[in-house]
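See structure below.
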Amino acid sequence: MDRSFASALARAEALVDGGRAGDGLAREDIRALIAGPDAGGPGGDEALFALADRVRRLNLGDAVHLRGVIEFSNHCLRQCHYCGLRAGNHELKRYRLTPEEIEAVAVQARELGYRTIVLQSGEDPWYDGATLARLIERVKRLTGAAVTVSVGDRSEADYRAFRAAGADRYLLKHETADAELFARLRPGTTLAERLERLHVLRDLGFQVGSGNIVGLPGQTLDSLADDISVLRELDVEMAGIGPFIPAPGTPLASAAPGDLRLTLRVLAVARLVLPLAHLPATTALATLYPYGRELALKCGANVVMPNVTPTEFRPLYRIYGNKYGMGDSARDSRDKILRLIREVGRSVAEDQGHSPKPAFTGQTPGVTEQTLRS
Ligand code: 5AD
Ligand code: SF4
């Protein structure tokens, strides 16, 4: 085993043994752990994964949180080089669900047992702030579920309106902590602006989710270590970490995909550094590798995000090619995930799955199930 990996792992283990999780890990140790053992031997990786699994169990227990994702529009005005929804991809047929259709899907999601509903879309100004705020309020009232919003860059006034309407969480990945790479791959946007938005969302009281892509062309190990630092500095409540998958109809269509073990190491280190964060086993992992999500659940992940988008629209939310579960119904997706959770010996969480941090365990804004019943 490579010495720097082995000694970083020993320091991480000592921290965990001392009851500190890995939040005290030094930056060089984070980098060494992400780099992995020299020979890429399974022994070293496995010890890191086992440690992350232990930190997950100690801090969050065995319950896996399910978040039902509604992909309600695949229109996007951005030109991200990695993403199939980019405006310049004219091969893609575009769709939008009306607010009424989205509400109906949300009710189905609640009936399938999900206690968090994620409203996700490309950056689509067709839905103005007031329309989305009304939608959030109705979804909360109709379902009593926690609501996560994931619609990209919006004005501070819009974010405030979403929060006032009862939105609990906001997902906005920082994608890569390499400012130069960020600006190149996301034309017209900067990392600094994105981080500023994440601070605004935090100040508005959202449970904040960020995260990054692993294996982007031009990404370095140093910048992956910076990704972990960004997540630690933001002290995020959630972090989505998934592999890059080359997407048809994009400038990166023929680039190499992200590596499975590298992605799992970044995920495992994120778990060490953010012991209380919700970390999903991403759909991107399931897409690239048959057992990707199972492996992720065993190296720190504690969330799965089943798709509830109506089957006819799923193939059109083509962020990347051959997305996992493209032909499934919402019920199929749920049944597969319940089986997967059972197979890895875990249970399904029964609560809304708010961040366990003290600031978020109290009453959330909006209508609760208690008031729905009365
Ligand atoms: N590979 C992996 N993840 C991607 N995303 C977009 N395109 C890709 C890709 N080719 C992720 C980004 C973004 C979300 C919409 O999907 O992280 O936040
Ligand atoms: Fe649009 Fe998001 Fe895809 Fe960029 S990553 S093109 S903002 S959907």
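Just rank Val149, Val64, fewest to most, by other beta-carbon atoms within 10 angstrom.
Working: Val149 28, Val64 23.
Listing Val149, Val64 from fewest to most nearby Cβ atoms yields Val64, Val149.
Once Lys and Arg get +1 and Asp and Glu get -1 on their Cβ, which of Gly129, Leu221, Val139 lies farthest toward the positive end of the dipole of the chain?
Of Gly129, Leu221, Val139, it is Val139.
Do any cysteines of the chain lack a neighbour Cys whose Cβ is under 4.7 Å away, and which are they?
So, Cys76, Cys299.
In whole angstrom, note down how far apart the Cα centers of region 178-202 and region 213-258 are.
If you average the Cα positions of each part, the centres end up 13 Å apart.
Suppose only helical runs count, i.e. DSSP H with n ≥ 4. What mean residue ellipticity at 222 nm does that imply for the chain under -39500 (n - 2.57) per run, divided by all residues and rounded to the nearest 500 deg cm²/dmol?
Values: 14 runs with 159 residues, N = 374.
Counting only the DSSP helices, I get -13000 deg cm²/dmol.
Taking 25 Å as R0, compute the FRET efficiency from the Cβ-Cβ separation of Glu123 and Leu204 and round it to 0.05.
Values: r = 19 Å, r/R0 = 0.76.
E between Glu123 and Leu204, to the nearest 0.05, is 0.85.
For Lys173, go through the lysines and keep the ones whose alpha-carbon is under 24 Å away, minus same-chain ones fewer than eight residues off.
Within the straight-line cut-off, Lys173 pairs with Lys140, Lys298, Lys323, Lys357.
How high is the FRET efficiency between Leu142 and Ser254 when r is their beta carbon distance and R₀ equals 41 Å, given to the nearest 0.05? Please list the in-between numbers first.
On the way: r = 44 Å, r/R0 = 1.08.
Calculated transfer efficiency: 0.40.
In which sequence would Ser254, Ser355, Ser329 go, from the one with the fewest C-beta neighbours within 10 Å to the one with the most? Don't skip to the end; give the middle numbers.
Numbers: Ser254 8, Ser355 19, Ser329 14.
Taking fewest neighbouring Cβ atoms as first place, the list is Ser254, Ser329, Ser355.
Taking +1 at the Cβ of each Lys and Arg and -1 at the Cβ of each Asp and Glu, which of Ala32, Gly18, Gly242 sits farthest along the dipole of the chain towards its positive end, judged by Cα position relative to the Cα centre?
Gly242
Modelling each spin label as a point 7 Å along the Cα-to-Cβ direction, I'd like the Thr190/Thr220 distance in nm, to one decimal.
Between Thr190 and Thr220, the label points sit 2.1 nm apart.
Given the Cα-Cα distance of Ser7 and Phe360 and 0.36 nm per residue of separation, how much length would full extension add, in nm?
Value of the extension gain: 123.5 nm.
Starting with the fewest neighbours, write out Val151, Val269, Val214 ranked by other beta-carbon atoms found within 10 Å of each beta-carbon.
Values: Val151 23, Val269 31, Val214 27.
In order of increasing Cβ crowding within 10 Å: Val151, Val214, Val269.
By the gyration tensor of its Cα atoms, with a ≥ b ≥ c the square roots of the eigenvalues, what is the shape of region 62-348: rounded for a/c under 1.5, prolate for a/b over b/c, or oblate?
rounded
How much length would be gained if the chain were fully extended between Glu350 and Glu156, taking 0.36 nm per residue of separation minus their Cα-Cα distance, in nm to one decimal? Each step should come with its number before you reach the end.
Details: separation 194, 0.36 × 194 = 69.84 nm, distance 3.28 nm.
Length gained, Glu350 through Glu156: 66.6 nm.
How far is it, in nm, from the label point at Ala130 to the one at Val107 when both lie 7 Å from their Cα along the line to the Cβ?
Rounded to a tenth, the inter-label distance reads 2.5 nm.
About the Cα centre of region 62-348, what is the dipole size in debye to 20, counting +1 per Lys and Arg Cβ and -1 per Asp and Glu Cβ, all else neutral? Mind showing how you got there, number by number?
Values: 37 positive and 34 negative charges, 135 e Å.
So the magnitude is around 640 debye.
So in region 62-348, what percent of DSSP beta bridges are antiparallel if you round to the nearest 5? Before the final figure, lay out each step's value.
Numbers: 1 of 30 bridges.
DSSP beta bridges in region 62-348 are roughly 5 percent antiparallel.
What helices in the chain pass both tests, a Cα length along the helix axis of 15 Å or more and a mean Kyte hydropathy of 0.0 or higher, using whole DSSP H runs? Mind showing how you got there, number by number?
Details: long enough: 3-17 (21 Å, 0.40); 42-60 (26 Å, -0.12); 99-111 (18 Å, -0.41); 129-143 (21 Å, 0.07); 191-203 (18 Å, -0.46); 221-234 (20 Å, 0.40); 260-273 (20 Å, 1.50); 330-343 (20 Å, -1.06).
Passing helices, by number: 3-17, 129-143, 221-234, 260-273.
Values in this text are rule-based calculations from the coordinates and carry no lab data. Since we're looking at a predicted model, the values are computed, not measured. In this analysis, Cβ positions are derived from the backbone assuming ideal geometry, glycine residues included, and neighbour counts consider all displayed protein chains.
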